[in-house]
Amino acid sequence: MGSQKAGEIRFLMQAIESFVTAAGGVKPLVGGAVFALLFIGERLAAAAPRPKTKHRMIHNLGLWGIVLVLSPLIIAPLTAFGANHLLWERPETLRFGALILIADIILLDLWTYWMHRAWHRVPLMWRFHQIHHFDEFLDTTSAFRFHIGEVMISALLRLIPIALLAIPFTHVIAFETVFICTVMFHHSNLRLPAGFERTLSRIMVTPSIHWVHHHAVMKDTHSNYASILSLWDPLFASRSSASRTPEMKIGLESIEDKPLLRLILTPFMRRG
Ligand SMILES: [Zn+2]
């Protein structure tokens, strides 16, 4: 009787695991659908007036193109390698189940918060991350404006919590799916009802929080680092007191955006 019960529990856990695996498999589909919805939404209901220039769109999509090409070749195998070289093996009770999955997503989100702080505060890392902040306006495409070096180093460093906490590969993929959808959302120029956004921002990072991170005032640039959950900034004293306004200047204080090739070379140039 006892072994039958154990068999049922294992079957249930495997069903949950397969569901998460399937969710991981459809990551590009989920991400693509959210991208399309936000891209259309921010054109129908814009929070801030869109600039007429098209160059930033070329820069964002150009940098994204490099990541898209190199991701299946480098980043995905790197994550899979990490997931197959964990420092210990979790007991079954810590491997399956919705609560474990949610806990792993929260832990990876906390890691990402501190990594984002490091990308701002470590001069060598800022050389790469500033390219994301050169964008002089924000919309859904800004979520993909990252230097390939930053994307690769982030994926490499993320192997540390994955290996230490023995996070299952499927949980990492589930985190990535939630992460990319949230990052597209908080960069978007989508106008939301003020009351709704205020309530939502108590739980997750909304455009009202993240746009302040892109405000062309250095003390705001070095604030509001959270990605998914909004609690990390108040908890670690990095929340800016500034509020987003439709006309606030986006970008970096007294630095202009650069052509695509210059953006790629910026981290390696004498003067970033
Ligand atoms: Zn940043």
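Excluding same-chain neighbours fewer than eight residues apart, the lysines reachable from Lys219 by a Cα-Cα span under 22 Å are Lys249. At a probe radius of 1.4 angstrom, the accessible area of the chain per residue rounds to 52 square angstrom. How far is the Cα center of the stretch 38-76 from the Cα center of the stretch 150-180, in Å? Cα centroid of the stretch 38-76 versus Cα centroid of the stretch 150-180: 23 Å apart. The order of Phe137, Phe169 by accessible area, most exposed first and with a 1.4 Å probe, is Phe169, Phe137. Taking all protein chains together, Ile255, Ile228 sort by accessible area into Ile255, Ile228, largest first [probe 1.4 Å].
Each Lys and Arg contributes +1 and each Asp and Glu -1, all at the Cβ; summed about the Cα centre of the stretch 2-268, the dipole is approximately 360 debye.
Spacing of the modelled spin labels on Arg202 and Lys258, each 7 Å from Cα toward Cβ, amounts to 4.4 nm. Ranked by the mean number of other Cβ atoms within 10 Å of their residues, highest first, the peptides 115-122, 258-265 come out as 115-122, 258-265.
Ratio of Rg to Rh for the chain: 0.99 [Cα atoms; Kirkwood radius as inverse mean 1/r over pairs]. Each other residue within a Cβ distance under 10 Å of Ser230 adds +1 if Lys or Arg and -1 if Asp or Glu, for a net charge of +1. In a reduced charge model with +1 at each Lys and Arg Cβ and -1 at each Asp and Glu Cβ, the stretch 136-272 shows a dipole moment near 160 debye about its Cα centre.
The values are calculated or read from the model by the stated rules, or taken from the named source; none is laboratory data. Just so we're clear, the structure is a prediction, and the values are computed from it rather than from any experiment. Neighbour counts are summed over all protein chains in view; Cβ atoms, including those assigned to glycine, are modelled from backbone coordinates with ideal geometry. Calculation scope for accessible area: heavy atoms of the full protein, side chains included, ligands and nucleic acids excluded. Shrake-Rupley method; radii C 1.70, N 1.55, O 1.52, S 1.80 Å.
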